[in-house]
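See structure below.
The values are calculated or read from the model by the stated rules, or taken from the named source; none is laboratory data. Everything numeric in this text was worked out from a predicted model, so none of it was measured. Methodologically, a virtual Cβ is constructed for each residue, glycine included, from the backbone with ideal geometry; neighbour enumeration extends over all protein chains shown. Accessible surface areas use protein heavy atoms only, side chains included; no ligands, DNA or RNA. Shrake-Rupley method; radii C 1.70, N 1.55, O 1.52, S 1.80 Å.
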Amino acid sequence: MLSRLADSLFWLNRYMERADGLLRAMRTNYILSLDKGINSDLTWRPLLEIFTTLPEEDVARLENDTNATLHYLLTDTANLNSLKAILTKARENARGVQDHITKEVWEQVNQMYHSVNHPDVAADFSGYDALETIENFSQNSLLLMGITDATMPRGAGWSFMNLGKYIERCSQTNELTNWQYRSIQYDLENPIDIVQWQFLLFSLSGFELHLKTYQSADHNKNVLHQVLLNEDFTRSALYSLNRISRYLEDVLSENRSVKSDDLTRYFGRMFCAIKYINLEELNGEELQACLQHLRSNMQNFNRQLTACFFSYT
């Protein structure tokens, strides 16, 4: 497969995974903000810090303004990580590889692109219209995942698409987890009620699984285990790394080189660092360092992967 095609397939799925993560976090934050009794101090700061690069003064200006924040996150082209910007880049990649994706995948990506560019989308971000808009995009994002899984052939293109998907998913999980634990100073000994973990767990679609899986009241460590090491949780770091390992092996089987061997060794060290981590040793500075190392390792792995397969300089 040409590196140009592999690059576009990789970024198509990575952008769509980014859009899905943004929409789930937005929907979670919006719904939680409606419960003023429990979440009276909830603002849009988590999303503004995780999904944008705004300076502190702009975050402070927007965090209590739902209408302006939704506009910035959904349709503002000045925000390079807005849903509109992400879907535009995803569609550009999809258009360049139409012969290598199914008609159904192209049509769904194209439909989402035209939906976010419809003039009515930005008309009103107040009240329940805003929630309906977010939920419609979320449902279309899930539909795209199902269409892709049901219609795409399992070849090299599929492997590159999934490398993009799970690199993005692992990075998002780490960013959301780091933000949540930073809010409690990474102190696992500080007792936190499960209600205060709702933003992280709902944003990762893992709240129901958490209640069914973890029986003890040590929510701080239970949540950490779920988001890092629970192999049954599709958004845990370990689950994503397992998927990356599989698809990396597939693309490397036909593309062996000195760079690919270095890439394999780097990924192996990163994978083992998470798979065999001792959660009992993670607290305070150790936990902070662990999450920061995962972030930098994923960034370095992504750079090596793109240099190996896509000829980036």
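Over all Cα pairs of segment 215-259, how is the pair count split among 10 Å bins, expressed in % and running from 0 up to the last occupied bin?
26, 33, 21, 14, 6
Within a Cβ distance under 14 Å of PRO191, other residues only, what is the Lys/Arg minus Asp/Glu net charge?
That works out to -3.
Carbon and sulfur together cover what percent of the accessible area of segment 19-137 at a 1.4 Å probe radius?
C and S fraction of accessible area: 47 percent.
Would you kindly give the portion of the calculated P(r) for segment 189-282 that falls above 14 Å, as a percent of all Cα pairs?
Tail of the P(r) past 14 Å holds 70 percent of the pairs.
Within 12 Å, Cβ to Cβ, of GLU49, how many net charges do the neighbouring residues add up to if Lys/Arg are +1 and Asp/Glu are -1?
Every neighbour counted, the sum reads -2.
For ALA237, what charge total do you get from the other residues with a beta carbon under 14 Å from its beta carbon, if Lys and Arg give +1 and Asp and Glu give -1?
Neighbour charge sum, excluding ALA237 itself: +1.
Amide H neighbours of LEU188 under 5 Å, counting only residues 5+ apart in sequence or on other chains, H built in-plane at 1.01 Å?
Under 5 Å from the amide H of LEU188: GLY284.
Given Cβ point charges of +1 (Lys, Arg) and -1 (Asp, Glu) and nothing else, what value in debye, to the nearest 20, does the dipole of the chain about its Cα centre take?
It works out to roughly 1120 debye.
Over all alpha-carbon pairs in segment 22-111, figure out the percentage whose distance exceeds 22 Å.
Pairs farther apart than 22 Å: 39 percent.
Report relative contact order for the chain in percent, whole number only (criteria: Cα-Cα under 8 Å, sequence separation at least 6).
Here the relative contact order equals 23 percent.
For every helix of n ≥ 4 consecutive DSSP H residues, a contribution of -39,500 (n - 2.57) applies; sum these over the chain, divide by its total residues, and give [θ] at 222 nm rounded to the nearest 500 deg cm²/dmol.
-22500 deg cm²/dmol
In nm, to one decimal, how far is the ARG265 label point from the ASN190 one, both placed 7 Å along Cα→Cβ?
In this crude label model, ARG265 to ASN190 measures out at 4.1 nm.
May I have the extent of the alpha carbons of segment 167-219 along their three principal axes, as whole Å values ordered from largest to smallest?
Per principal axis, max minus min of the Cα coordinates gives 31, 27, 14 Å.
Could you run the Karplus curve 6.51 cos²θ - 1.76 cosθ + 1.60 with θ = phi - 60° over segment 145-160 and give me ³J(HN,Hα) per residue in whole Hz, x for Gly and Pro?
4, x, 5, 4, 5, 7, 10, 6, x, 8, x, 4, x, 4, 5, 5
Apply the Karplus parameterisation 6.51 cos²θ - 1.76 cosθ + 1.60, with θ equal to phi minus 60°, to every residue of segment 180-193 and state each ³J(HN,Hα) to the nearest whole Hz, in sequence, with x for glycine and proline.
Here the 3J(HN,Hα) series is 5, 6, 5, 5, 10, 6, 6, 8, 6, 7, 7, x, 10, 5 Hz.
Explain nothing, just compute: Karplus ³J(HN,Hα) = 6.51 cos²θ - 1.76 cosθ + 1.60, θ = phi - 60°, for every residue of segment 79-93 in order, whole Hz, x for Gly and Pro.
Running phi through 6.51 cos²θ - 1.76 cosθ + 1.60 with θ = phi - 60° gives 8, 5, 10, 5, 4, 4, 5, 5, 5, 5, 5, 5, 5, 4, 5 Hz.
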